[in-house]
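Below: the structure, in structure tokens.
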Protein chains: 2
Amino acid sequence: MAEGGILSVVGIGPGDGAHVTPAALEAIHNAQVVVGYRTYIKLVRHLLEGKEVVQTGMTEEIGRARAAVERARAGANVVLVSSGDAGVYGMAGLVFEVLREIGWKRGDAPTLNLVPGITAANSCASRVGAPLVHDSCTISLSDLLTPWAVIAKRIEAAASSDFVISLYNPASGRRTRQIVEAHSIIRRYREGSTPVALVKGAYREGEKVVMSDLDHFLDYEIGMLTTVIVGNSHTFFFEGYMVTPRGYTRKYTLEGDVLPGQQPGRSLVVREEEV
Amino acid sequence: MAEGGILSVVGIGPGDGAHVTPAALEAIHNAQVVVGYRTYIKLVRHLLEGKEVVQTGMTEEIGRARAAVERARAGANVVLVSSGDAGVYGMAGLVFEVLREIGWKRGDAPTLNLVPGITAANSCASRVGAPLVHDSCTISLSDLLTPWAVIAKRIEAAASSDFVISLYNPASGRRTRQIVEAHSIIRRYREGSTPVALVKGAYREGEKVVMSDLDHFLDYEIGMLTTVIVGNSHTFFFEGYMVTPRGYTRKYTLEGDVLPGQQPGRSLVVREEEV
């Protein structure tokens, strides 16, 4: 039975205290053991006094998940921290893979507690305007665990059907070909003037934002910590911001007037719940 | 000049206090005027004492954006609240459309402050497991402002290239055809046993979660406030959770052993930054 053993998988958002939720703070506050990648542990170090901290290097994701599961299974209150949302390219999936491996059943220790966080696409978007207001997707360009053919197919599908595209892991020291190839696939479907934003370390010290376009963004530095946001065919630049319109101004005038072919009285009938 | 006039566009997350960030709280705390859709105003009503509150019905999105801009332009400290992240199918894009309409320039009042929040896809995902761990997309099925042909094309692209798909606005009182059509498009590319989660009102009173699959999810109630998460071809159910693996167990054993065709010593070389 799950007596005392709790495993909270916690997203701390972009990394500054202003964007860590009360739920995440509470989970960390209540924990006896905090497990995480060294860089993320640093981001919450002011919350860790009196706790056991298990910090590992970046090559030890599986070991980190297993350590967290084992400590919680043995009865400890454990927090496994991720940056952003732990459920988006984060540790949450791996925790379930480890639990399955050990034959964990619901009702067994540990009790699971999944705490959502602000994911990188959203924190980065808020630094450049409103690029993700309409349909969008995230694609990781890391082909360490996913064949490039699968990734390329997704890029092509997203480009051809006019999704706004957030590219995670666009490049690393040795891995530089993928972003070039992604560019050439997207360029077949979108104008060279399509807005592109590069955001590195949103809300962290040394944050760097570059506003560019599809024909020029490869001229700038793109690394492991950069998120690349590629607009759709309607995305525009406005006073240094990148904005994807929802379609109000195309279909209706902002004055509420009826455009040719529109039904009078429907211009403002946009339901809030129809987000 | 931007003297005193501030417009903060603030995402309050799923709607309970445990998931409102300190940055969002601070913006609301500092505001003189808070503008929002009635339902969202209710979610933060405990923070509004002594403030002027402009709450409108759900058909008045454009009026709400314009009211917020005008009050801030006139010098007030204004917060416009959205649920989730205001930059994802939220008010942020519309604010920029209104600013463009009135010829606003950077440096003019109001000063803009975009505060990210936990978006519905992420809060809903955390209630069902870890379905969004790999490449995913969001598609709104509302065709009030987007032609159905565009939406259908996106569904087909996402289904055929194996994205996990979060469907927003899957249905409303009169609008029931779209989710049926979305199902039939996705079913052409994915097995009927593909996990599907329906999440309504995550973290709110009356939250409702249904775990189903592609062949059966249409048997359940789906409304305006439901988010439908459709797994990719690798997504699995595990002890009542829905999980999309990152690929660790397929490519490497969790024991760190080398599978046929793999390089020894690379099994744990998965960089944390390569999220």
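For this structure, a couple of remarks:
- ³J(HN,Hα), Karplus 6.51/-1.76/1.60, whole Hz, each residue of region A:40-47, x for Gly, Pro: 6, 4, 4, 5, 10, 4, 5, 9
- In sequence order, region B:89-104 has phi-based couplings of 6, x, 7, 4, x, 5, 4, 5, 4, 5, 4, 5, 4, 8, x, 4 Hz under the Karplus curve 6.51 cos²θ - 1.76 cosθ + 1.60, θ = phi - 60°, and Gly or Pro positions carry x.
- Tail weight of P(r) past 16 Å, computed on alpha-carbon pairs of region A:6-118, percent: 52
- In summary, the convex hull built on the alpha carbon positions of the protein assembly as shown has an orientation-averaged projected area of 24.3 nm².
- Based on C-alpha pairs under 8 angstrom that are at least 6 apart in sequence, region A:111-255 has a relative contact order of 29 percent.
- Averaged over the residues of A:19-32, the number of partner chain Cβ atoms lying within 10 Å of the residue Cβ comes to 3.
- Gaussian network model of chain A, springs between alpha carbon atoms under 10 Å - residue of A:Thr226, A:Thr146, A:Thr111 with greatest fluctuation: A:Thr146
- Solvent-accessible area buried by pairing A with B, both sides, nearest 100 square angstrom, 1.4 angstrom probe: 9900
- Taking every DSSP beta bridge that has both ends in chain A, the antiparallel portion is near 40%.
- Efficiency of FRET from Cβ geometry, B:Tyr220 and B:Arg187, R₀ 22 Å, rounded to 0.05: 0.85
- Antiparallel bridges, percent of DSSP beta bridges restricted to the protein assembly as shown (to nearest 5): 40
- Carbon-plus-sulfur accessible fraction, the protein assembly as shown (probe radius 1.4 Å, protein heavy atoms only): 50%.
- For chain B, the longest principal axis of the alpha carbon atoms and the long axis of helix B:177-187 meet at an angle near 30°.
- Inter-chain Cβ neighbour count for B:61-69, averaged per residue, equals 3 (cutoff 10 Å, partner chain atoms only).
- For chain B, a Gaussian network of Cα nodes joined below 10 Å ranks B:Gly13, B:Gly87, B:Gly231 by mean-square fluctuation, and the top entry is B:Gly87.
- Average beta-carbon neighbours from other chains, 10 Å sphere, peptide B:151-163: 5
- Legend note: in the protein assembly as shown, cysteines whose Cβ sits 4.7 Å or more from every other cysteine Cβ are A:Cys124, B:Cys124.
- Amide proton proximity set for B:Leu114, modelled H, under 5 Å, gap of 5+: B:Val9
- Note that the protein assembly as shown presents 37 Å² accessible area per residue, ligands and nucleic acids not counted, probe 1.4 Å.
- Residue among B:His216, B:His46, B:His29 with the largest mean-square fluctuation in a Gaussian network model of chain B, springs linking Cα atoms under 10 Å: B:His46
- Residue-wise HN-Hα coupling along region B:60-76, computed from phi with Karplus coefficients 6.51, -1.76, 1.60 (Hz; x: Gly, Pro): 10, 4, 5, x, 5, 4, 5, 4, 5, 4, 5, 5, 6, 4, 7, x, 7
The values are calculated or read from the model by the stated rules, or taken from the named source; none is laboratory data. From a predicted model like this one, the values you see are computed outputs, not experimental measurements. Every residue, glycine as well, gets a Cβ built from its backbone with ideal geometry; the counts of neighbours run over all protein chains shown. Please note that ligands, DNA and RNA were not included when accessible areas were found on the heavy atoms of the full protein model with its side chains. Shrake-Rupley method; radii C 1.70, N 1.55, O 1.52, S 1.80 Å.
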